Structures are given as C-alpha cells and as structure tokens.
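J.: My questions all concern the structure below.
The values are calculated or read from the model by the stated rules, or taken from the named source; none is laboratory data. Every value quoted in this text rests on a predicted model; they were computed, and no experiment measured them. Reconstructed Cβ throughout: ideal geometry from the backbone, glycine too, with neighbour counts over all protein chains shown.
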Amino acid sequence: MKSPLKPSALALMASMVAPSALAADLARFDGGIGVLPVSNVVQTDTTVTVNRNIVRGVSPAGQIWVIHELRAAVKDDGRIRVGGRGLLLGGGNNIGGNANANVFATLICEAVEPFTEHNTELAGVPLEPDGDFRIDDVLTPAPVDCASPVLLIRNAANLGWFAAGIPRR
C-alpha cells in the first residue's frame, strides 16, 4: 500500500524529529532524597567533630530539605529533563517554604576523584511555592560515559545540593 504522503512531506516530518528523541538514555533517576547537611557527629571528652554531607565534592545546603518526587532522564547527547515535586525546607523557622530558591542540576559520573560536574544552566529555574520545578536543558560539558551516575539538585545562589536522584538500575 502506498503512503498517502508525498516523499517531500515524509522527509519534512523526519527532519522535524528532535535529535534528542533519537538519543539513547545515558542515565535515569526515579525518586529523590532530600539533603541532611550533617553526615555524622563524633564526640570525644574534649571535642565535637561535625562532618558535612559532601557528595562527590559538592557541599550540602545548610538546612534540611525534603523532596516528594523526582524523575530525570539524561540522554547521551547531554540533554536532561528533570521534574521535581515538593522540594521544601524540612527544618528551621521557614520549614515548608521554598526559600525563594532557584535550582539547577549536576550529573557526576565518576565514583572516585577527580570528579567532573556536568551542569545545567547555573542560573537555575525558580522553585514554585509548593517546591515543584522542571528543568529541560543540556548538560555542560556533555557527558560521554556515565558508569556511576549521581544527580544532584543544587542551589543557584550558593551551589549547595538540596536533593539527589535515585538511579534507576
């Protein structure tokens, strides 16, 4: 059976397919973990040592943050789409607020140093009052391979991380 479309129309439709739609998944994340700024506290008779929750060289936010939902897909051409719901302060006097924060995403693919940060636009996107956000961008620099992916959602103001994606294996 012949196609009802002329070859030129088929070529036009084929050219309209976005390259990222043809790109393969490099990493996917389903679910999120809010930041706890302190990873542990060690107390001796004379000192108290507080260790910050640094993830692959990235410092945490200064307060607890929670996230209700996070989904992200990274394509092998560097395109990234992230959707988050309920990224809000989990402590302090402004608990349940969004701190008027802008957020951006960082993908780190190495399990050991040196780490390369693959970032979306550092100016970020604003959190909605309920903590929802959407990032649709291209990572810079574009990752080539990602054997051990970590996705961090970060504060555009101070570069601290608010939430991490749970990798889909």
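Every residue, every condition in (1) in contact with a His (Cβ under 6 Å, 6 or more places away or on another chain); (2) closer than 19 Å to K75 by Cβ; (3) touching a residue at least 40 places away in the same chain (Cβ under 8 Å), yes or no:
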position	(1), (2), (3)
H118	no, yes, yes
G131	no, no, yes
D136	no, yes, yes
L139	yes, yes, yes
V144	no, yes, no
L152	no, yes, yes
A156	no, no, yes
F162	no, no, yes
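J.: Report every pair of residues separated by at least 6 positions or lying on different chains whose Cβ atoms are under 6 Å apart, first residue within region 69-81 and within 13 Å of L107 (Cα to Cα), second modelled with pLDDT under 95 and part of a loop (DSSP other than H, G, I, E, B).
T.: K75/A23; D76/A23; D76/A24; G78/A142
J.: Let me ask another. Hey, V112 hits all of (1) touching a strand residue (DSSP E or B) at 6+ places or on another chain (Cβ under 8 Å); (2) among the β-branched types (V, I, T); (3) farther than 20 Å from A24 by Cβ but one; which does it fall short on?
T.: So V112 meets the others, but not (1).
J.: Restricted to region 53-65, and to residues that are without any contact (Cβ under 8 Å) to a residue 60 or more places away in the chain and closer than 21 Å to N94 by Cβ, which residue is surrounded by the fewest Cβ atoms within 10 Å (Cβ to Cβ)?
T.: Of everything passing the filter in region 53-65, N53 is surrounded by the fewest Cβ atoms within 10 Å (Cβ to Cβ).
J.: Using the structure shown, decide if G131 is modelled with pLDDT of 95 or more, small (G, A, S) and farther than 17 Å from D25 by Cα.
T.: Details: modelled with pLDDT of 95 or more: yes; small (G, A, S): yes; farther than 17 Å from D25 by Cα: yes.
Answer is yes for this residue.
J.: Suppose we keep only residues that are free of Cβ contacts under 8 Å to residues at least 60 places away in the same chain and assigned to a loop (DSSP other than H, G, I, E, B) within region 95-108. Which one would you say is surrounded by the most Cβ atoms within 10 Å (Cβ to Cβ)? Show your work before the answer.
T.: Of all residues in region 95-108, those free of Cβ contacts under 8 Å to residues at least 60 places away in the same chain come to 95-100, 102-106, 108.
From what's left, assigned to a loop (DSSP other than H, G, I, E, B): 95-100.
Details: I95: 12, G96: 13, G97: 14, N98: 21, A99: 18, N100: 10.
Residue satisfying both the conditions and the ranking: N98.
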